[in-house]
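The values are calculated or read from the model by the stated rules, or taken from the named source; none is laboratory data. These numbers come from a predicted model, not from an experiment. Counting neighbours? That spans all protein chains shown, and the Cβs are built from the backbone with ideal geometry, glycine included.
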């Protein structure tokens, strides 16, 4: 998923208003399993109820934005999410290439106990596709060509090696490394989660924090770090987490995330995107 071009330079009042109307009017259409959009009358009535001065330009822009947000999630994101069975099947297709081409990236396991303990399919596929793309594009690199399991914070350094910025949290991947990375990514893979608990909700808010910090580094130093978010698990995100998907789309359009890849998008979008970034 990519940001809507028309909403890249909105006034400061726009995003708080979007959050307000979304919370007050609800993120979902009850009983329809769909993300909700709003009419001008909905927003005008809401402003009247809370004695908020009516800004017709703001109302019209908010209706257009939330309509686009609902369409993106209902018509696109929902069809791209995978469940664990599909993800497992897709992983073993890629695993054949992993063996054949003698790739070096890690294939991490999930943190589930007992029978649910297995390969973290989504993360492993992202790692495989990342290494395949780097091998294709670069003549010289130390395999796998990226940090596939960062267990430390990222640090930005200037030309003299002085540290100019850092993040508060660890990421799930970085290119080329955690020292002055060009690209960082987070992976939210919840195939075995049965409820949308506080841990997942906190993860969304942590992504927003990451975005603010990376933007601060860029504004202060001019060093741009591309911030990618990968999410998957149909039940967790679509059936239980639509309101947080709306928040993720808002973060994307606020410039806190550069791109969000949903489920099957790793097969159609990740490699072209990575190639363009490597160029």
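Things to note:
- Summed over region 25-41, residues that are exposed (fewer than 15 other Cβ atoms within 10 Å of the Cβ), over 28 Å from residue 230 (Cβ atoms) and free of Cβ contacts under 8 Å to residues at least 24 places away in the same chain total 4.
- Boolean, residue 70 is part of a helix (DSSP H, G or I) and under 19 Å from residue 260 (Cβ atoms): yes
- Being within 23 Å of residue 124 (Cβ to Cβ) and surrounded by fewer than 16 Cβ atoms within 10 Å (Cβ to Cβ) is a property that holds for residue 199.
- Test set (1) out of contact with any strand residue (DSSP E or B) (no Cβ under 9 Å at 6 or more places or on another chain); (2) modelled with pLDDT of 90 or more - residue 116 fails condition number: (2)
- Candidates 61, 78, 70 - the one that is buried (at least 18 other Cβ atoms within 10 Å of the Cβ) and free of Cβ contacts under 8 Å to residues at least 40 places away in the same chain: 70
- Being under 25 Å from the mean Cα position of the chain (by Cα) and assigned to a loop (DSSP other than H, G, I, E, B) is a property that residue 88 lacks.
- Applying the criterion of at least 3 residues that are under 18 Å from residue 110 (Cβ atoms) and more than 17 Å from the chain's Cα centre (by Cα) to the strands (runs of 3 or more DSSP E) found wholly in region 137-233 leaves an empty list.
- Test: residue in region 52-64 that is on the phi > 0 side of the Ramachandran plot, in a loop (DSSP other than H, G, I, E, B) and more than 19 Å from the chain's Cα centre (by Cα): no
- Subset of region 255-279 that is over 11 Å from the mean Cα position of the chain (by Cα) and under 27 Å from residue 32 (Cβ atoms) - its residue that is surrounded by the fewest Cβ atoms within 10 Å (Cβ to Cβ): 264
- From the list 38, 92, the lone residue that is modelled with pLDDT of 95 or more and in contact with a helix residue (DSSP H, G or I) (Cβ under 8 Å, 6 or more places away or on another chain) is 38.
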